[in-house]
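Heads up: the structure comes next, in structure tokens.
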Amino acid sequence: EPAGRPKADQGRKSRARFENTAPLEHTVVWNGETLWIWSPRENAAVVQPAAKVSMASRALLSVQPGFGLDLLAPIPLDAYAASSAPGTTTGEVVVTLTPIDKAVPRATMQLVVDTGRRFVTRMVLLEGSTILSDVRLRKPVEAQPGNWFATQVEVRQLLDDGSTLEELRTFERLAFDVPVEPSRFEFVVPEGATRVPVDSLLPQGEGRVSP
């Protein structure tokens, strides 16, 4: 990969790995059970059980189902009750996924679906009546016949302190159905690194806008 370009692996069953270069170099690894974050410049690391990672943190780090590189594959549909209603535009349907087991930390999801291409154009993550994240998917490419993938993603994310982070992601040089080694979704913290809570390595201040 060219220098300065972030890299990402997305596996099945809620697994993800992101190697980011901005604003600071850091690696995020998630296997559905544990979250690791490693910041070599700060020599700091997070090792956090999934049950202790908040919904807002999961969405911000792109490990919450619906907010990774492969936006729909990680969603465990059998864990949700589904309902649908017509959208505001012809050919659209709004699908609402409500968590069945309230003891499991999952948020309600609303998906706006283009029924012609069977492509999700918008995803909203809700906790009660609060919108945690609003994601709009644009410029889709047909990865396989009938299987569309967004190459541009606009995100408006509510942070824990009530401020909002806005992002625009563009995906290039995509490869589909490439084997990924399971070891990519595990991480060993380097010896001597400082263990810190997850909130200390999330974006703070820079790039925020008012809610």
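Close Cβ contacts (under 6 Å, 6 or more residues apart or on different chains) running from residues in region 40-61 that are assigned to a strand (DSSP E or B) to residues that are at pLDDT 75 or above and polar (S, T, N, Q) comprise A44/T194. Inspect region 24-36 for any residue being modelled with pLDDT under 85, farther than 22 Å from L126 by Cα, touching a strand residue (DSSP E or B) at 6+ places or on another chain (Cβ under 9 Å) and of a type in the set (D, E) and give the result as yes or no. Yes, because at least one residue in region 24-36 is modelled with pLDDT under 85, farther than 22 Å from L126 by Cα, touching a strand residue (DSSP E or B) at 6+ places or on another chain (Cβ under 9 Å) and of a type in the set (D, E). Whether a residue is small (G, A, S) and at pLDDT below 75 was assessed, and G11 passes this test.
Go through region 117-161 and count every residue that is among the acidic types (D, E) and open to solvent by 70 Å² or more (accessible area, probe 1.4 Å). Even if it seems obvious, please write down each step before you answer.
Within region 117-161, the subset among the acidic types (D, E) is 127, 134, 142, 154, 160-161.
Cutting the leftovers down to open to solvent by 70 Å² or more (accessible area, probe 1.4 Å) gives us 127, 142, 160-161.
Total meeting the criteria: 4.
Of the numbered criteria (1) open to solvent by 80 Å² or more (accessible area, probe 1.4 Å); (2) within 21 Å of L158 (Cα to Cα), the one V112 fails is (1). Evaluate the following for P76: is it open to solvent by less than 50 Å² (accessible area, probe 1.4 Å), within 18 Å of the chain's Cα centre (by Cα), more than 18 Å from F18 (Cβ to Cβ) and at pLDDT below 75? In short, yes.
The values are calculated or read from the model by the stated rules, or taken from the named source; none is laboratory data. Treat the numbers as computed from the prediction; the structure is a model and nothing was measured. Glycine also receives a Cβ, built like all others from the backbone with ideal geometry; neighbour counts cover every protein chain displayed. These accessible areas exclude ligands, DNA and RNA; they are computed on the full protein's heavy atoms, side chains included. Shrake-Rupley method; radii C 1.70, N 1.55, O 1.52, S 1.80 Å.
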